[in-house]
Structures are given as structure tokens and as C-alpha cells.
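Written out below as C-alpha cells is the structure these notes cover.
The values are calculated or read from the model by the stated rules, or taken from the named source; none is laboratory data. In this text, all values refer to a predicted model and were calculated from it rather than measured experimentally. When we count neighbours, we look across all protein chains shown, and the Cβ atoms used for this are built from the backbone with ideal geometry, even at glycine.
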Amino acid sequence: MIDDLIMMKKMDETRLKRIDKLTLAAAIALLPPIWAVLSPYIGVGTGAVALIVAGIYGTNGNKREDAVKITIGFLIGDLFSVVAMWLMENIPFSADINTYLALFVLGAAAVMIGETLPRYVFTPSLLCGWAIGLTVMGPLGTDGMGTLPLQIAAAMVAGVVYVGIVVDMFQKWLVRMITKKSV
């Protein structure tokens, strides 16, 4: 009898995991491509940044209560990338020393900000936002970045709000619909 109950529970867990996996696949397949298609029409050529950002949001457990501090972290990181690029171009030493000094100072500042204000800033998103900005804009330099910092910021917000929160809500709704019908 107890063995039967354990086996039934394992079957239910396996079934729920399968439903969770399939509904997540459906939600990811359906919603993020809408952002990918529409973002260039609103002047955001860095739409893929939203997918990276949503990944960080998701690894934090899709906690909506952390969405604001995650977003703030990303936006500060975006700003840090602009500051880092300016410093690397304007410190009066060699390129390698300029890069080291800019990353040294801003890396320490990023951690100090995030860890001093954890209620308002999520340190991993700040560091990731900084890396995203440097990766996208670094090869262009400050003269070539144009509106990219704003485009990246828009994609970061879309990544947390739309690809993160909305996709999670949609996937949970799908799970509820499927499990309600099969009860």
C-alpha cells in the first residue's frame, strides 16, 4: 500500500515536471519572438539583450518582488559600461592600463553599490548589465555608441518585465489550465 502511494506520487511528480517543461517551452516559443520582431520597429536594435536579462531574472527564481532591484541593477550596469568606455579612452596611460584601471575602479564600485544597497540593487544584474553594455558597445567606442545605451536599457526593461514576468505568468497560467482539466 505504501509502495503504491510512493509510486503514484513519483508518477505525479514526473507528470508535473513534464507539464512544466512543455508549458515553459511553449511560452518561450510563443512570446519572446514577438519582442524580437517588434523591437526594431520601436528603435531597439539590441532586442536580444532582453533574452540575456530574462535569464538572470529566471535564475533568481522568477521572483516578481525582486524585479525592480534587478532592473535597477541592469540599468546601473548599462551606465557603468558607458563610464568604463569613456575612462578607457581618456585615462592618459596605455590602452591596457586604462582598461585595467577602469575595470578595477568600476568593478569595486559595482560590488560596493550592490552589496550596500541590496534592497534596491541586485549585484548580479549590475555586473551582468555592465558586461552586456561593454560587449555590445565596446567595439564601437564612445564616438560610435550613439543611442545604444538607451536601446540596451529598453531591452533590459523588456527582458525583466516582458520576457521575464509576462512569460512566467503565461507559463503558470498554462500549467493551471492543463492541470485543472486533467483532475
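Of the residues examined, L127 is not one that is of a type in the set (A, V, I, L, M) and more than 24 Å from E65 (Cβ to Cβ). Condition test on V175, is it more than 21 Å from the chain's Cα centre (by Cα), aliphatic (A, V, I, L, M) and assigned to a helix (DSSP H, G or I)? When the stated conditions are applied, V175 passes them. Residues that are surrounded by fewer than 21 Cβ atoms within 10 Å (Cβ to Cβ) and either touching a residue at least 24 places away in the same chain (Cβ under 8 Å) or farther than 17 Å from I152 by Cβ (or both) within the range 45-56 comprise G45, A48, L51, I52, listed in sequence order. Can you tell me which residue is nearest to L75 (Cα to Cα) among those in the range 143-167 that are without any contact (Cβ under 8 Å) to a residue 60 or more places away in the chain and of a type outside the set (D, E, K, R)? Here the answer is L150.
Helices (runs of 4 or more DSSP H) fully within the range 57-155 that include at least 1 residues being at pLDDT 95 or above and crowded, with 19+ Cβ neighbours inside 10 Å: 67-90, 95-116, 123-137.
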